[in-house]
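Inspection log for the structure reproduced underneath, given as structure tokens.
The values are calculated or read from the model by the stated rules, or taken from the named source; none is laboratory data. Model, not experiment: these values are computed from the prediction. Here the Cβ positions follow ideal geometry from the backbone for every residue, glycine too, while neighbour counts run over all protein chains shown. We work out accessible area using only protein heavy atoms, side chains counted, and drop any ligands, DNA or RNA first. Shrake-Rupley method; radii C 1.70, N 1.55, O 1.52, S 1.80 Å.
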Amino acid sequence: MDESQGESPRRFDCAEKCVDAVLEKIGKRIVLGLPLGIGKANHFANALYARAAADPSISLTIFTALTLERPVGSGELGRRFVQPLLDRLYNHYQDLGYTPARRKGLLPGNIEVCEFFMQPGTYVGNASAQQGYVSANYTHVPRDLLDRGVNVIAQMVSPGGADGECFSLSCNPDLTLPLLRLAGERADYPLLLVGEVNPQLPYMVGDSELAASEFDFLLEGDTFDAPLFAAPSLPVSNTDYAQAFHIASLVPDGGTLQVGIGALGDAICHALRLRQTDNRVYRDLVRDLTSDDSLQLREKLPPMLEPFKKGLYGASEMVPPGFLHLRRAGVLTREVYPDAVLQRLLDCDEITSTVNEEMLLALKNSGRIRCPLTPADTEFLQALGIVDPSYSWRGHKLLNPQGEEEECDLHSEHGRRRLLGRCLNEQLQGGIWLHGGFYLGPESMYQELRELPDPERAGIGMTSIDFINDLQSDRELKAAQRRDARFINSAMMVTLNGAVVSDTVAGNQVVSGVGGQYNFVAQAHELAGARSIIALPSTRHSNGERSSNIVWEYPQCTIPRHLRDIVVTEYGVADLRGKSDRDVMVSMLCICDSAFQDELLDKAKGAGKVEKDYAIPLQFTANTPERIAAVFGDAAAMQLLPYFPLGTDFTDEEALLAIALKQLKVGSKKWWKMLPLVLAGRRIWKDHSEQFAWVHRCLARMEFERTDTYEHRLEAYAVAGALDKFVDRKRPLRWD
């Protein structure tokens, strides 16, 4: 039977029949909401797309974000590198059907695809994707979806529960939870929830759990039991590490952490791990990167060097794989609780997380609970594991485990101990060490989440994006939980006056999207002790040319200058909060690459923003890549700074190739500039000694041993030369 009989939800083992049921119930105008990242119900979405493509009478709008695609190699080198990955990592992954047509600008006229965040750099210059982009704060997306008339949500879910009648939104409760809530507040709003059940999706508890009855349709069966999309880690460079150590020195013990995905996020998590596990090396690197003179740029933010005693709490829209590493290293250990008064008592060290009489008295003295206890007080205390769960209320009487009336007055020691019962000296319940909106990462991350022990899993609260990114609701609670927050985000460019460019380049070409960056920057300005950290490399390479990422002005910005806070490059930390335009520009010049300082200073002087006789202090005029390379040249330190500090799904040869090909991609397209690299590679091609055996293994992985054309031979030479030039063999690939 394709369809079971009985109560809602209706169950199918065939996506096409589920599409029939949706069309029958909703009609031919479908506005489909798909979660961002890995949570999309790909099989259902593809069946619906195919139906609409074949039937012009169906109007289909797909509203989503971060459409993941199996990697497509660019050019011959890319194809050679990617093809084995497709066979190994993505052979069971089903791409979304609309992506090929959208890439070619061939979407049918009755189908529209809108994204509020695109896979970075994927659709620059693509007219269809650029026209369908919706610029929105992450937290505003549920509202925008309802305004567009969304009537179907299709999401991958994880099965769980002893009776199989409970499901988890797992990787993507971020938008689904607030969307269901908002739709429920509108009388008779027609919104169908389709769950595509995948047992390989980790089951996350708490807010992300939904009863089967909350779904309209469920897709179940072997067809939907498939590996999740793996996002392999990228190699971490010296520039990434330099930024990461600066940032790690800004994170206070006992604070709150938000970090994004990518090589920089991996580097930041690793630097924080080293602060805990290899503190001497961490201190030495921070010292070498931070001269005494540069501290004037961050005078209110002295470097934080001590290991973590209180630990950090994670509050991040995206849960990156590095957070699991920080948990294992004893860094992400600060737990938060769902009550503002209790949280403040814990943070002020008036109580500990061990249940005792002092905790009851502190809650009474703060006014959080009454004396004698009320039924609401008892329910609150039992939920946290403070009052013995065997107590109950009957009418206005508190009954002990034997069903006898019990005194609920907290004034006597005897009464307090009776109420505590078997909870005495146990740990508080309900602590969360990480709140997240969605997760995405390599296969090893998904495996670790699947294998978490139940108590550890309970400490991860996957929840709605408005809880993570916004302060409008539960403001008092969030302010108590998110003490000393550090919200860390990356940017493409920053202007000399502190405006941040993160999502769009000249010509209004969208690279990615606003996402939650604006939300976090705004939070940093509203929460006591919080700071926003914008990180970027000081320069970028394009076609062999270096350009500055600190620019005089730019036609677009993601974060306006009135929200400027902290900016970090590999050369240092600039604290911009509350400073005048003149002081902001002077600070930014000091963390700029020295090759571009004079030009930027001349523009600032020409605009009257900096005095004519100002000169950049001598200590800041040596901001060069060579200086950064020298800091990381110590052999002992290098052993603790691997290219892939969080591990990688790549084989050793693929990891080495990823490093070299990354450099080749940004290299010059002018053949005479590439000639030295090609000539060096030609010599290595002919050298089969042990010294270059690793290079030849990499060339074999690219199947260059069967190369028989002159063009392909030149490419092999270039790869060999890049491997020799750009891969530092003294640096390990992985963290052991």
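Is it the case that some residue within the range 471-488 is closer than 18 Å to VAL336 by Cα and among the β-branched types (Val, Ile, Thr)? Lay out the reasoning, then the answer.
Just the residues of the range 471-488 that are closer than 18 Å to VAL336 by Cα, to begin with: 471, 473-487.
After this cut, where a residue has to be among the β-branched types (Val, Ile, Thr) as well, the list is none.
Looking through the range 471-488, none of the residues is closer than 18 Å to VAL336 by Cα and among the β-branched types (Val, Ile, Thr).
The residue that is farthest from ASN151 (Cα to Cα), counting only those in the range 19-34 that are in contact with an Asp or Glu (Cβ under 9 Å, 6 or more places away or on another chain) and open to solvent by less than 10 Å² (accessible area, probe 1.4 Å), is ALA21. For the range 624-636, the criterion of being at pLDDT 95 or above, in contact with a helix residue (DSSP H, G or I) (Cβ under 7 Å, 6 or more places away or on another chain) and in a loop (DSSP other than H, G, I, E, B) is satisfied by at least one residue. Would you be able to say whether some residue in the range 374-388 is buried (at least 17 other Cβ atoms within 10 Å of the Cβ), under 26 Å from LEU477 (Cβ atoms), of a type outside the set (D, E, K, R) and under 26 Å from the mean Cα position of the chain (by Cα)? There is no residue in the range 374-388 that is buried (at least 17 other Cβ atoms within 10 Å of the Cβ), under 26 Å from LEU477 (Cβ atoms), of a type outside the set (D, E, K, R) and under 26 Å from the mean Cα position of the chain (by Cα). Regarding the range 507-525, can at least one residue be identified that is free of Cβ contacts under 8 Å to residues at least 12 places away in the same chain and over 28 Å from ASN623 (Cβ atoms)? There is at least one residue in the range 507-525 that is free of Cβ contacts under 8 Å to residues at least 12 places away in the same chain and over 28 Å from ASN623 (Cβ atoms).
What are the residues in the range 157-207 that are more than 26 Å from the chain's Cα centre (by Cα) and open to solvent by less than 40 Å² (accessible area, probe 1.4 Å), if any?
Going residue by residue through the range 157-207, those that are more than 26 Å from the chain's Cα centre (by Cα) are 161-166, 183-192.
Of everything in the range 157-207, those that are more than 26 Å from the chain's Cα centre (by Cα) and open to solvent by less than 40 Å² (accessible area, probe 1.4 Å) turn out to be GLY164, CYS166, ALA183, LEU191, LEU192.
Here LEU398 meets the list (1) in a helix (DSSP H, G or I); (2) more than 38 Å from the chain's Cα centre (by Cα); (3) crowded, with 19+ Cβ neighbours inside 10 Å almost entirely, failing just condition (1). Going by the conditions given, is GLN556 open to solvent by 30 Å² or more (accessible area, probe 1.4 Å), more than 26 Å from GLY265 (Cβ to Cβ) and touching a residue at least 12 places away in the same chain (Cβ under 8 Å)? So GLN556 fails the test. Checked against (1) under 20 Å from ALA458 (Cα atoms); (2) touching a residue at least 60 places away in the same chain (Cβ under 8 Å), GLN382 passes all but condition (2).
The rows are residues; the columns are (1) of a type outside the set (Phe, Trp, Tyr); (2) within 22 Å of GLU426 (Cα to Cα); (3) out of contact with any Gly (no Cβ under 9 Å at 6 or more places or on another chain).
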| position | (1), (2), (3) |
| --- | --- |
| GLU379 | yes, yes, yes |
| GLY395 | yes, no, yes |
| GLU404 | yes, no, yes |
| ASP409 | yes, yes, no |
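Within the range 711-726, residues that are over 16 Å from TYR643 (Cβ atoms) and open to solvent by less than 10 Å² (accessible area, probe 1.4 Å) sit with their Cβ atoms under 8 Å from residues that are of a type outside the set (Lys, Arg) and not in a helix (DSSP H, G or I), at 6+ positions apart or across chains, in these pairs: ALA716/MET702; ALA716/THR707; VAL719/MET702.
Considering only residues that are touching an Asp or Glu at 6+ places or on another chain (Cβ under 6 Å) and not in a loop (DSSP other than H, G, I, E, B), look in the range 226-271 and name the one that is farthest from GLN343 (Cα to Cα). Ranking the candidates gives THR239 first. Entry remark, the range 257-273: residues being buried (at least 24 other Cβ atoms within 10 Å of the Cβ) and either closer than 21 Å to ALA655 by Cα or of a type in the set (A, V, I, L, M, F, W, C) (or both) number 11 in total. Mind listing whichever residues of the range 352-370 are more than 17 Å from GLN429 (Cα to Cα), assigned to a helix (DSSP H, G or I) and either open to solvent by 20 Å² or more (accessible area, probe 1.4 Å) or touching a strand residue (DSSP E or B) at 6+ places or on another chain (Cβ under 7 Å) (or both)? Result: LEU361, LYS364, ASN365.
Write out, first by first residue and then by second, each pair whose Cβ atoms fall under 7 Å of each other, whose residues are 6+ apart or on separate chains, and whose first residue, in the range 90-101, is open to solvent by less than 10 Å² (accessible area, probe 1.4 Å) while the second is in a helix (DSSP H, G or I) and at pLDDT 90 or above. Taking only residues 6 or more apart or on different chains, the pairs are LEU96/ASN42; LEU96/ALA45; LEU96/ASN46; TYR98/TYR49. Name every residue in the range 436-448 that is buried (at least 22 other Cβ atoms within 10 Å of the Cβ) and out of contact with any Cys (no Cβ under 8 Å at 6 or more places or on another chain), in order of residue number. If the condition is that a residue be buried (at least 22 other Cβ atoms within 10 Å of the Cβ) and out of contact with any Cys (no Cβ under 8 Å at 6 or more places or on another chain), then GLY436, GLY437, GLY441, MET445, TYR446 are the ones that fit.
Assigned to a helix (DSSP H, G or I), crowded, with 20+ Cβ neighbours inside 10 Å and within 39 Å of the chain's Cα centre (by Cα): which single residue out of VAL695, VAL610 fits that description?
On the way: VAL610 fails: assigned to a helix (DSSP H, G or I).
When all the criteria are applied, what remains is VAL695.
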